[in-house]
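Student: Following this message is one structure expressed as structure tokens.
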Ligand code: CA
């Protein structure tokens, strides 16, 4: 699981990140609100741990901005102890859980496991992503369009999942590399192009109206052709 922690108290953030890494999480840190929002918008995280009081942009506004942009990544908000108002505002803004600071690391680990389980469960119940005329089953990697179907490879499925979840927002090649191969990778941009082309072929085989548009210098975006086009 890949986590993003947005927390301006660097020393605390790094200490928490170390423990999380020992517990087999991959952790990226952002130390201010703007960087946190940029990272969150990449859509590559499984859970975001978000402090409320942050320089440049506060946690509640980051959360609102993420949800507005279709990013449904589960969010744990970090609130100062007893700030009931923060909790209410946070939950209203689409947070999945909150934790009062200072917290014990075991408490955070327990919340992360619970959110991870909840996410896994919702995927089992509802592991089908739809966009336009296609349906992608995240468990069987089957892609359906009307009565036709094709089976995707894991990487093709991960790529299509990312494009669908971004819902009309451009996905950069860097985002795709991070999602499919992780940050510590020497994967090059031409590998992204290969997978985009494989995915385009499968969409064409299914006669889907959904297509991947290349935005030169920016990335890719999923679109669906309108009637008569
Ligand atoms: Ca803070």
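A short reminder: the numbers here are calculations on the coordinates, not readings from a lab. Note that the structure is a prediction, hence the values are computed from the model and not measured. Heads up, the Cβs are rebuilt from the backbone with ideal geometry, glycines too, and the neighbour counts pull from every protein chain shown.
Student: Please check: in the Gaussian network model of the chain (C-alpha springs, under 10 Å), which one of 175, 61, 24 has the largest mean-square fluctuation.
Tutor: Greatest mean-square fluctuation among the candidates belongs to 24.
Student: I would also like to ask the following. Could you work out the percent of alpha carbon pairs in the chain separated by over 27 Å, rounded to a whole number?
Tutor: Tail fraction, whole percent: 38.
Student: List the relative contact order of the range 2-124 as a percent without decimals, with contacts defined as Cα pairs under 8 Å and 6+ residues apart.
Tutor: Relative contact order for the range 2-124 comes out at 21 percent.
Student: Which percent, nearest 5, of DSSP beta bridges in the chain are antiparallel?
Tutor: Around 50 percent antiparallel, to the nearest 5.
Student: Right, something else. Among rounded, prolate and oblate, which fits the range 128-224 when a ≥ b ≥ c are the square roots of the eigenvalues of its C-alpha gyration tensor, a/c under 1.5 means rounded, and a/b larger than b/c means prolate?
Tutor: Prolate, since a/c reaches 1.5 and a/b exceeds b/c.
Student: Kirkwood Rh over Cα pairs of the range 2-124 into Stokes-Einstein at 4 °C, 1.567 mPa s: D in µm²/s?
Tutor: 91
Student: Here is a follow-up. Output the antiparallel fraction of DSSP beta bridges having both residues in the range 2-124, as a percent to the nearest 5.
Tutor: Close to 0 percent.
Student: Return the single residue from 157, 208, 42 with maximal mean-square fluctuation; model: Gaussian network over the chain, springs between Cα atoms under 10 Å.
Tutor: 208
Student: Quickly estimate the mean residue ellipticity at 222 nm for the chain, helices only: each DSSP H run with n ≥ 4 gives -39500 (n - 2.57), and the total goes over all residues, rounded to 500.
Tutor: Mean residue ellipticity at 222 nm (helix-derived): -14000 deg cm²/dmol.
Student: Evaluate the distance, in nm, between pseudo-label points positioned 7 Å from the Cα of residue 187 and of residue 32 along their respective Cα→Cβ axes.
Tutor: 3.0
Student: Another one. If I fit a long axis through the Cα atoms of helix 59-68 and take the longest principal axis of the Cα atoms of the chain, what angle between them do I get, 0 to 90°, rounded to 10?
Tutor: Roughly 20 degrees, rounded to the nearest 10.
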